[in-house]
Amino acid sequence: MPKAIVNAMVYDFDRFYPSGYVLFDEKILKAGDMKDFEDDNYELIDGKGHLVMPSLVIGHTHIYSTFARGWMNSFKYENFMDILEGQWWKLDRGLEEQSIYYSGIVNAVDHVKNGVTTIIDHHASGSVSGALEALKKAVVDDVGLRGMFAFETSDRFNVEQCIQENRRFLDNHQTDKVSGHFGLHASLSLSEETLQRVSERLADAPIHIHVGESEMDQNDSLKQYGERVVTRLHRHGLLNKDSILTHALYVSDSERELIAENDCVVALNPSSNMNNGVGIPDYPALKEKGIRVIVGNDGLSSSVTTEYLNLLYASHALKKTPEAMNLGDIQKIIDDTYDYVSARFGIKLGRFQKDYEADLLMLPYAPPTPIHKDNALGHLFFGCFNSFKPRNVFVAGNPVVKDYEVRKNLQETYQKAKAHAQDLWQRIEEGESS
């Protein structure tokens, strides 16, 4: 039976109805003003006092970082490489299949409670073979979200296993719920031999890689190979269409031109960049070259709305002018993100139009000032994004969050994750002391 959310403020980043409805099953059937709604024995959901909108996408995250929360690490950090070696590389090496799965459950549940129903993940773990299947089972099969997954090929791991894991997942998974990229960590952990081996197995798959997250990445490439990172990737034939180049803080004008020419996208992660002390994304420089931009959280949180806020504010601070970025830019990033994942999954996301996927949410909101089509994004950005907790969330018409909670069995699985986090921390400590 189709469902109808009625008496709600309806906004899909294009149309706005102050008192509207959305009719859907697995896909959107119709949306409009309540005066035009005709009940035909639908399952009615009262949306009074709620903003109904498409659910959100996280453009780059690290599910493996989930169990870093609360981990007491006494390592002293002086630069970005210290952070990698002293924290993240210790953590990911300790992950095995069970801890990968449970971190996926926690991460997916936390994300969907923040209105995110599509996750683009960039994974690394000491256990390579089967890692992406474990993530798929957690995120897609058990929590019910959409997911794109990739393993960070790196000389830190068995390179052939990394290549096989990416290739196997890409070859076996392409549905409206699951897709993949060919994962690479960063230029500074990838030898010439490794990039050549990846190039031979890549075919037309898009890569997902960290690029210019710190100056160290570029300095290493220039010192060892006499060229900048994006140029190096291009020389190896790795810049396939739809590749995700993450961060891109330290890229030159010529590198940005290569990104644009090869129709790649850049995933910006402003909160993580500021937390790591590496810099602030230069969004205007990417915009100038016509580069598509999506937004991620780099595994730092389970929110994407916070990232939109911080990107706008950080851009103003970087350029010392509020004209550096505006809500029109935020709108374009949101639209480009929906278009990107729609193309990768072979579906349509992000609008309340017929045959779009019914991935949507209901957010309590009582506007204190007039709201209409021209200012709805301003209400959303300044009135909701700082505390974004939907009451109900749907994926393909199925309720994933209801009255702020996921299903009881997921709540129970979520709690079991504590034991796996404790086990991981203990194994890291034992490895350090041995």
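Coordinate-derived values only; no laboratory data. It should be emphasised that the depicted structure is a prediction, and the values quoted were computed from it without experimental measurement. We place every Cβ from the backbone using ideal geometry, glycine too, and count neighbours over all the protein chains shown.
Rounded to two decimals, what is the ratio between the C-alpha radius of gyration of the stretch 1-52 and 2.2 N^0.38 Å? Display every interim value, and only then the final one.
Working: Rg = 9.9 Å, N = 52, 2.2 N^0.38 = 9.9 Å.
Compactness ratio reported: 1.01.
Quote to one decimal, in nm, the extra length available between Arg168 and Met274 on full extension: 0.36 nm per residue of separation minus the C-alpha distance between them.
Values: separation 106, 0.36 × 106 = 38.16 nm, distance 3.53 nm.
34.6 nm is the gain from fully extending Arg168 to Met274.
Between Asp355 and Lys418, with labels modelled 7 Å along Cα→Cβ, what's the label distance in nm to one decimal, could you check?
Each label point is offset 7 Å from its Cα along the Cβ direction, giving 5.0 nm.
Report the per residue volume, in Å³, of the convex hull enclosing the C-alpha atoms of the chain.
Numbers: hull volume 60.6 nm³, N = 434.
Spelled out: Cα convex hull of the chain, divided by residues, is 140 Å³.
Could you tell me the calculated FRET efficiency between Asn219 and Glu160, based on Cβ-Cβ distance and R0 = 22 angstrom, to the nearest 0.05?
That gives a FRET efficiency of 0.15.
Over all directions, the average projected area of the alpha-carbon convex hull for the stretch 240-317 comes to how many nm²?
On the way: hull surface 19.6 nm².
Over all viewing directions, the stretch 240-317 projects a mean Cα-hull area of 4.9 nm².
Going from the alpha-carbon gyration tensor of the stretch 106-205, what semi-axes, largest first and in whole Å, does one get by taking the root of 5 times each eigenvalue?
On the way: eigenvalues 128, 37, 25 Å².
They are 25, 14, 11 Å, listed largest first.
Figure the gain on full extension for Lys402 and Asn375 (residue separation times 0.36 nm, minus the Cα-Cα span) and round it to one decimal in nm. Mind dumping the intermediate values first?
On the way: separation 27, 0.36 × 27 = 9.72 nm, distance 2.83 nm.
So the chain would gain 6.9 nm between Lys402 and Asn375.
So for His111, His60, fewest C-beta neighbours within 10 Å to most, what's the order? The partial results should precede the final answer.
Details: His111 25, His60 28.
So the ranking, lowest neighbour count to highest, is His111, His60.
Calculate the dipole size of the stretch 332-431 relative to its Cα centre from +1 charges on Lys and Arg beta carbons and -1 charges on Asp and Glu beta carbons; express the result in debye to the nearest 20. Present the calculation step by step, with values, prior to reporting the outcome.
Details: 14 positive and 13 negative charges, 57 e Å.
I would put it at about 280 debye.
For Lys241 and Arg427, what does the FRET efficiency come to when R0 = 56 Å and r is the distance between their Cβ atoms, rounded to the nearest 0.05?
Numbers: r = 40 Å, r/R0 = 0.72.
It comes out at approximately 0.90.
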